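This report concerns only the one structure given below.
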Amino acid sequence: MPDTGHMNFFNVDQCGLYKVGKEDINGCGLNETFDLIKEWVDGRPLALTIPWDSTAENRNKPKCYCKDIYKDTNTGDFFLVLWKSDTDSAGTLLGAQEDSATGKGEVVKYTNQYRGKKVVWGRPCYYWIIPRHNSIISIKFDHSVCDAQLFEDYVRACINNRVKHKDRKKEYTENGYVRISHKDEKGNMFMYRFNMSLKSMETSNSELQKLANSVTHIVRRETILVDTKDEREEWVKIFSDFIPLIPPKPKAKKRRVEVKAEAKPNVKQIKDIIEKNAIENRKSSDWDNVGFATDSGITWVDRYRLKDTIAVVNKPEGIFTGESLCKEIEKNRERYIFPICRANRIEAEKSSTGG
């Protein structure tokens, strides 16, 4: 039975060294970023590929390691396998050996009787980085997870804290804090940025135009904590004069809120709302969401994010390596990147015509 992977497509909005307040890139673009990360993790034990101190100020952040990274010399694509530490009992936990070098070491399934080598319990996260098209695709299988924010944090922390970049400067403030910056030979100071957003269908898509013509309201759902204080967000509080704060069910710690505002967004505004609010892993049972209300019902933003699936018939034992994932992608690579190329072409045509 094929193992199905669900793909979510991301635009890389920023990647590189930037002057404060400027949008011009001064090196360390997408290709260089992952070349540097690959060089840093190469041969390094799994336990030493976390780019932040998880015992100090970042202790509330999940631990994240690099299990493998592979570069396809033919396309320039990177295939990154991160390892997100997890002790949640939901789903099958896997163990990656702490002392195994990047790309090496077996993975074991969690059991109470495990007595083997020391491992990090968690799950893999798969990412396909495509520098040529300034895009990233996350791939979610049943045995893996996706966490776009953790991925962004990992990349930024690697560049700022770990890799050996020629312009990287490490300084200490008067209070003893470490300050990382990048300076060129002229003394110009740069900061590294890495941000991405979910890619939606291109604005020329007839379905988006049809939706724009029929939208009557924007719907926002949110879960709020219930306390003796009024914990509601400001957007909810504006209704206080009309809707009293009725207590929720006894002992309830949370309550669900829905706000419906009359609106008539155009296609561009709908696209912006989709890209800002779509989430790669939202379950159908999750309450928090944003949608477009029409006379025929509510259309939620996740429906319009760009996505695809990959079916792997002969799944390798354990997890995918970067190279094995690359080989599976190669079978239908042109199909997967077609919508990216089309969207980029449309965007380029708009820019050239001033549209």
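The values are calculated or read from the model by the stated rules, or taken from the named source; none is laboratory data. All values reported here derive from a predicted model rather than from experimental measurement. Ideal geometry is used to build each Cβ from the backbone, glycine not excepted, and the neighbour counts take in all protein chains shown. Side chains included, ligands, DNA and RNA excluded: accessible areas come from the protein's heavy atoms. Shrake-Rupley method; radii C 1.70, N 1.55, O 1.52, S 1.80 Å.
Some values worked out for this structure:
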{"quantity": "Shape parameters for segment 274-355, alpha-carbon atoms, Rg then Dmax in Å", "calculated": "17.8, 52"}
{"quantity": "Most to least accessible of Arg303, Arg221, Arg132, Arg123 (protein chains only, probe 1.4 Å)", "calculated": "Arg132, Arg303, Arg221, Arg123"}
{"quantity": "Convex hull volume of segment 23-83 per residue (C-alpha atoms, cubic angstrom)", "calculated": "118"}
{"quantity": "Segment 110-210: radius of gyration over Cα atoms, expressed as a fraction of 2.2 N^0.38 Å", "calculated": "1.60"}
{"quantity": "For Ser200, distant residues with modelled amide H under 5 Å away", "calculated": "Leu306"}
{"quantity": "Nonlocal amide H pairs with Lys67, under 5 Å, H built at 1.01 Å", "calculated": "Val81, Leu82, Trp83"}
{"quantity": "Exposure ranking of Asp99, Asp286 by accessible area [1.4 Å probe, largest first]", "calculated": "Asp99, Asp286"}
{"quantity": "Most positive-pole-ward Cα, Pro2, Ile130, Val20, against dipole of segment 1-147 from beta carbon charges", "calculated": "Pro2"}
{"quantity": "Total charge dipole magnitude, segment 11-162, about the Cα centre, Cβ charges on Lys, Arg, Asp, Glu only, Debye to nearest 20", "calculated": "440"}
